[in-house]
Amino acid sequence: MIQLSNIEKVYRTKTIETVALNCVNLHVERGEFVSIMGPSGCGKSTLLNIMGLLDEPSAGQVVIDGLPVKTHSDKQLAKLRNEKIGFVFQSYHLIHDLSVVDNVELPLLYRNISGSERRKRALEALEKVGLSTRTRHFPSQLSGGQRQRVAIARALAGNPEIILADEPTGNLDSVMGEEIMDILLRLNKEEGTTIVMVTHDEHMAHKTSRLIRFFDGQQVADSLVLEAQI
Amino acid sequence: MLKNYIIIAWKVLQRRKFFTFISLFGISFTLMVLMVVTSLFDHVFGPQMPERNSDKLLFVNMIRQEGEEGNSMSGPPSYYFLDHYVKKLQTPEKVSISSVFTPLNSYVQNKKLALDLKHTDQAFWEILDFDFVEGRAFGKTELDNASHVAVINENTRKQYFGGESALGKTIEVNQVKYKVIGVVKDVPVLRVHSYADVWVPITLRQSEFKNDDLRGMFFGIIQAKSTGDLSAIKDEYARMMTQVKIKDPKQGTTLYSFPDTLLEAFARTSLGGGRESSVGLFYTLLAIAAFLFMLLPTMNLVNINISRILERSSEIGVRKAFGASSKVIIGQLVVENVFLTFLGGMLGLVLSLGVMQLINNSGVIAYADLGLNVRVFAWGILLCLVFGLISGVYPAYKMSRLNAVEALRGGTK
Amino acid sequence: MIRHLFKLIWNRKKSNFLLISEIFFSFLVLFGVLSFGLYNYHNYQKPLGFTHDDVWLLTLQTQSDSTAEKLAVEEQVIQRMRSFPEVEQVAFTSGNAPFAFSSMMNRLSYGNVKDLDANQYDVEDAYKDVLGLKIVQGRWFGPQDGTTLHEPIVINRQLQKDLFHGEDPIGKLLTPINDSVQYRVIGVTDYFRASSEYSPEEGAFFTRINRQKDQSTWGSLLIKVKPGTGVAFEEKMMRELGLIAKGWTMDVSTLEKMRQTKSRLTLVPLIALAVVCGFLVFNVALGLFGVLWYNINKRTGEIGLRRAMGATTRQIRAQFVGEVVVLAFFGVVLGLLLAVQFPLLDVFQVASGIYWQGMALAGLFIFLLTTLCALYPSRQASGIQPAVALHEE
């Protein structure tokens, strides 16, 4: 599904050159639930951004569904992000001035879909995360866990093949964190959605099917958790 | 503390140069327009050459006769009325009678000069303070003899005599020759009571003195002994008006005429329908116009200030965290804004000097001599202060209510 | 997408309130100034209906009380004027000569039209030739009008329209409000706008001066001189007239100069207004630019998110320009609500077309200006790297 080969990412300023990723090779298969762990600043988020086509690698190749994206135009990249990928962020990134349902509609806005169809799909997505009763609220009226559920619904609304989640439980207490994790696991199991999740939390990471550890921009371990548990 | 604020304000201004430019542009231009208008106002109504001691002067420039059926006739008073009634008043120190100026032609070296001619008496020169470039005014002898002598202004000397000394030379206006005995600085055309290009003895129009109509083509200027006497003069004038005999009641049975200050005279004719003094209304209209004009720039400045201040929310958060009260924060932000406004005001002052020069040289207003003086400057400072306060208080208030924690995080939500 | 933008702006109406009201007031200012400008422009476009080249106006005044003497002097003056080879035509007129600061109104009634205010011009027969008036119907005054029962008048086309509504006016009788005689219309001129190039077209009519019959003096003499006649002749003329009218005050001016004075009276305030309005709007544009720029910098997170959700750079740019256009839309709609009252309530008696044009132009200008202000900030917004933007918050 997504194949990263020999990815390097170097941030250059006038005085300093920081290597964020160094020769990363990673292949995410369809239907996997991958968690990426590692200390702060080890390049996890950078990796996720590159996988989500939000950032370009300094070297190496990203291949999605067998097609290298290097030569893609801005428009083609946007289309891929819009149709294949869903994002969930640590700080939710909801738009304050839009209601819950309007926030969820956001990815559909960049497709040619009628207003009523958008609304229908957004409501479906909200139902999946159990927020059907809060569609008219504004983000500021919701708790952290609810906000993250809205963000997940937003990622689902576009019906993506893969969800990239950057510390989705990072801002939440353990009870809410569990709730979010349950939703993600259910999606992976029932809908077959591929999920890549960056996390700090060992406990959460061990619930996923595959765990990748990062240290200083390098992949240091890759294990199939599920098998180990069984 | 104030010094501290101003140093911070200066730093803030340098940080966002573009915002600073927008603010300064708006402030300076707004204040420039206001200052030019103020200067124009002062030019028309303030004490200026030759009406330097205008706080002791009253002007009679209209008499209005109204009938019962609403018919009315109004216009400048006659020589008879001024001589027979106004000159007899006890309270004034002096009363002068001069004619309304008449536009006349003069020809010199195949060139035409349009000159405004005014007939004046001796008191005219005593009450008004003309700046003489050379020579002198005409006096009792010349008036008694109805001599053909003239005082001309500098511009006429330049046009007619090429700028050389004109004393003793002859100027011909409307086919009549006058001997020049004095040259004065140009009087702005907006000073209707004293303005002219050529001033000649009023006795040259003796034939009109006998005409006992109330309306004619003359102005009266009353000089009070002191500023405090003005209301006494007005009272006596009003009593005198009840004694005036109406020769021709068919034209109206009620008479209106008032000794007015420059501003009253203007407001009375333009707004008061010749009856009410309407100075209050005039000021109200001016204030409304100024308010409407300042509305947009103020809103603009408020808008920019909000952005500018929001940007500094973390600084404000720190200040709050270290114990600054909302009041102190508001104070700081308002001081900063007033400082900015004064900077803009200085710029506006420079700009307005340029624009005044432009107006003076353009000839739109004949002999205009707009300029800055203490009065206009003081108005400018006041306007700056008002502008700065208005545009600074609201954003500062809004900011001061910011929660310290959120301010530290840099957000407003 | 458009609905989405409206929703965004609407939900953010509190923080957008100042921007919207700024646009609202800018629109009103522009509407006012543009309407004023358009009004004058439309008037300026209409023909004056006369030619003022080589026409001078001589005004004569005396303090003398003797009517007989005044009449005699006026007669002598006009005789002398006619004898100058440089002079083509002369005609006495009432004080409201073209471009003079004087007007004379009379009220006329005909049929259903009651008390219509119209400019009255008392003129001599030669007036038509001095000013080159064009008669479109009927005829101008002639010697045969000396003995008619009704006073003959010539009206202009505007008066014909206002008074007769397309009816043939020739031979119709009119009653003026303050006169005992009745008027009989004998002719219609084309346009006649004498007050100023910028004055609207008003109803006007001419009455005939018959110096043999009525014993009144007129004081204003229009003189058509040969082309190229200059100050030298003027001086000679004034010197000779001075010998005839001893002790009179006389003033001569060219109509061209009077026209300039009159047009300056309109243009100076118009230019001053336009400058002030231009400044105000420019100021608002700068402010708008600054605030948009700041807002967009503040919304990098949202921009990053939208990019992540699949928005192209072009869509981001379109969104921000779109938001500003929607903002302008709210401001303009509010402004229109107020501006529409002007033509509906017929304020200031200006043709409603001018108000509509003023509204259209002001609206167009506002949209253009706001779009222009939004272009740079939104280009900047679209250039934001999504990864960086998302990371910042």
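The values are calculated or read from the model by the stated rules, or taken from the named source; none is laboratory data. Since we're looking at a predicted model, the values are computed, not measured. Quick reminder, even Gly has a Cβ in these numbers, built from the backbone with ideal geometry, and neighbours come from all protein chains shown.
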Legend entry - Criterion (modelled with pLDDT of 90 or more, within 13 Å of another protein chain (Cβ to nearest Cβ) and not in a loop (DSSP other than H, G, I, E, B)) met by exactly one of C:G358, C:G335, C:G304, C:G363: C:G335
Inset, instruction - Scan region A:43-57 and give yes if some residue there is closer than 23 Å to A:L187 by Cβ, surrounded by 12 or more Cβ atoms within 10 Å (Cβ to Cβ) and charged (D, E, K, R), otherwise no. - result: yes
Legend entry - A:N49 vs. criteria within 13 Å of chain C (Cβ to nearest Cβ) and in a helix (DSSP H, G or I): yes
Inset, instruction - Considering each residue of region C:272-298, count those that are small (G, A, S) and either more than 7 Å from every other protein chain (Cβ to nearest Cβ) or within 26 Å of the chain's Cα centre (by Cα) (or both), and give that number. - result: 4
Inset, instruction - Quick one: in region A:124-151, of everything that is assigned to a helix (DSSP H, G or I) and surrounded by fewer than 15 Cβ atoms within 10 Å (Cβ to Cβ), which residue is nearest to the other protein chains (Cβ to nearest Cβ)? - result: A:S140
Inset, instruction - Tell me which residues, restricted to region C:102-122, are in contact with a helix residue (DSSP H, G or I) (Cβ under 9 Å, 6 or more places away or on another chain) and either closer than 15 Å to C:R208 by Cβ or among the small types (G, A, S) (or both). - result: C:S109, C:G111, C:A118, C:Y121
Inset, instruction - Select from region C:106-155 the residues that are among the hydrophobic types (A, V, I, L, M, F, W, C), surrounded by fewer than 18 Cβ atoms within 10 Å (Cβ to Cβ) and farther than 26 Å from C:V87 by Cα and list them in ascending order. - result: C:V113, C:L116, C:V136, C:L149
Legend entry - strands (runs of 3 or more DSSP E) contained entirely in region B:62-170, each with at least 1 residues that are closer than 30 Å to B:T253 by Cβ, in contact (Cβ under 8 Å) with a residue 40 or more places away in the chain and of a type in the set (D, E, K, R): B:63-66
Legend entry - Among (1) of a type in the set (A, V, I, L, M); (2) surrounded by 15 or more Cβ atoms within 10 Å (Cβ to Cβ); (3) assigned by TED's automatic domain parsing to the domain that holds C:S103; (4) under 18 Å from C:I78 (Cβ atoms) - the single one C:V188 does not satisfy: (4)
Inset, instruction - Residue by residue through region C:1-12, note down the ones that are touching a residue at least 60 places away in the same chain (Cβ under 8 Å), facing chain A (nearest Cβ under 10 Å) and under 25 Å from C:M359 (Cα atoms). - result: C:I9
Inset, instruction - Would you check which residues across region B:100-125 are more than 23 Å from the chain's Cα centre (by Cα) and β-branched (V, I, T) and list them? - result: B:T102, B:V108, B:T120
Inset, instruction - Go through the residues of region C:269-282 one by one and say whether even a single one is in contact (Cβ under 8 Å) with a residue 60 or more places away in the chain, in a loop (DSSP other than H, G, I, E, B) and touching a Leu at 6+ places or on another chain (Cβ under 6 Å). - result: no
Legend entry - Complete set of residues in region B:88-104 that are surrounded by 19 or more Cβ atoms within 10 Å (Cβ to Cβ) and more than 14 Å from every other protein chain (Cβ to nearest Cβ): B:P92, B:V95, B:S96, B:I97, B:S98
Legend entry - Boolean, A:M181 is over 19 Å from A:Q3 (Cα atoms) and without any contact (Cβ under 8 Å) to a residue 40 or more places away in the chain: yes
Inset, instruction - Can you confirm whether region B:221-237 contains a residue that is touching a Phe, Trp or Tyr at 6+ places or on another chain (Cβ under 8 Å), more than 12 Å from chain C (Cβ to nearest Cβ), under 25 Å from B:N71 (Cβ atoms) and not polar (S, T, N, Q)? - result: yes
Inset, instruction - Output the number of the condition that C:E75 fails; it satisfies all remaining conditions of (1) within 14 Å of chain B (Cβ to nearest Cβ); (2) surrounded by fewer than 20 Cβ atoms within 10 Å (Cβ to Cβ); (3) not small (G, A, S). - result: (1)
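So that you can scan it fast, the table gives a plain yes or no per residue for (1) free of Cβ contacts under 8 Å to residues at least 12 places away in the same chain; (2) more than 29 Å from the chain's Cα centre (by Cα); (3) assigned by TED's automatic domain parsing to the domain that holds B:G388:
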{"site": "B:T242", "(1), (2), (3)": "yes, yes, no"}
{"site": "B:G252", "(1), (2), (3)": "no, yes, no"}
{"site": "B:A267", "(1), (2), (3)": "no, no, no"}
{"site": "B:G274", "(1), (2), (3)": "no, no, no"}
{"site": "B:T298", "(1), (2), (3)": "no, no, yes"}
{"site": "B:N303", "(1), (2), (3)": "yes, yes, yes"}
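Residue by residue, here is whether (1) under 11 Å from the mean Cα position of the chain (by Cα); (2) crowded, with 22+ Cβ neighbours inside 10 Å holds:
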site: A:G158; (1), (2): no, yes
site: A:I163; (1), (2): yes, yes
site: A:T169; (1), (2): no, yes
site: A:H203; (1), (2): no, no
Inset, instruction - Quick one: count up the residues across region B:1-58 that are touching a residue at least 40 places away in the same chain (Cβ under 8 Å) and not in a helix (DSSP H, G or I). - result: 10
Inset, instruction - Select from region A:76-123 the residues that are assigned to a loop (DSSP other than H, G, I, E, B) and among the aromatic types (F, W, Y) and write down the one among them that is nearest to the other protein chains (Cβ to nearest Cβ). - result: A:Y110
Inset, instruction - Only residues that are surrounded by fewer than 21 Cβ atoms within 10 Å (Cβ to Cβ) and either among the polar types (S, T, N, Q) or part of a strand (DSSP E or B) (or both): list them for region A:14-27, please. - result: A:T15, A:E17, A:T18, A:V19, A:N22, A:C23, A:N25, A:L26, A:H27
Legend entry - Residue under evaluation C:R82, criteria (1) within 30 Å of C:T229 (Cα to Cα); (2) in the same structural domain as C:Y198 (by TED's automatic domain parsing); (3) touching a residue at least 24 places away in the same chain (Cβ under 8 Å), criterion not met: (3)
Inset, instruction - Only one of these is at pLDDT below 80 and closer than 30 Å to B:L40 by Cα: B:L271, B:L292, B:L286, B:L263. Name it. - result: B:L271
Legend entry - Pairs with Cβ under 7 Å, 6+ apart, first in region C:238-259 and at the interface with another protein chain (Cβ under 9 Å from one of its Cβ atoms), second among the charged types (D, E, K, R) and in a helix (DSSP H, G or I): C:L241/C:R80; C:V252/C:E234
Legend entry - Selected residue (criterion: surrounded by the most Cβ atoms within 10 Å (Cβ to Cβ)) from residues of region B:167-204 that are at pLDDT below 85 and more than 24 Å from the chain's Cα centre (by Cα): B:Q175
Inset, instruction - Can you tell me which residue among B:Y107, B:Y85 is crowded, with 17+ Cβ neighbours inside 10 Å, over 13 Å from B:G216 (Cα atoms) and modelled with pLDDT of 90 or more? - result: B:Y85
Inset, instruction - Can you confirm whether region B:14-25 contains a residue that is at pLDDT 85 or above and among the aromatic types (F, W, Y)? - result: yes
Inset, instruction - Take the residues in region B:279-326 that are among the hydroxyl-bearing types (S, T, Y) and within 11 Å of chain C (Cβ to nearest Cβ), then tell me which one is farthest from C:G290 (Cα to Cα). - result: B:S313
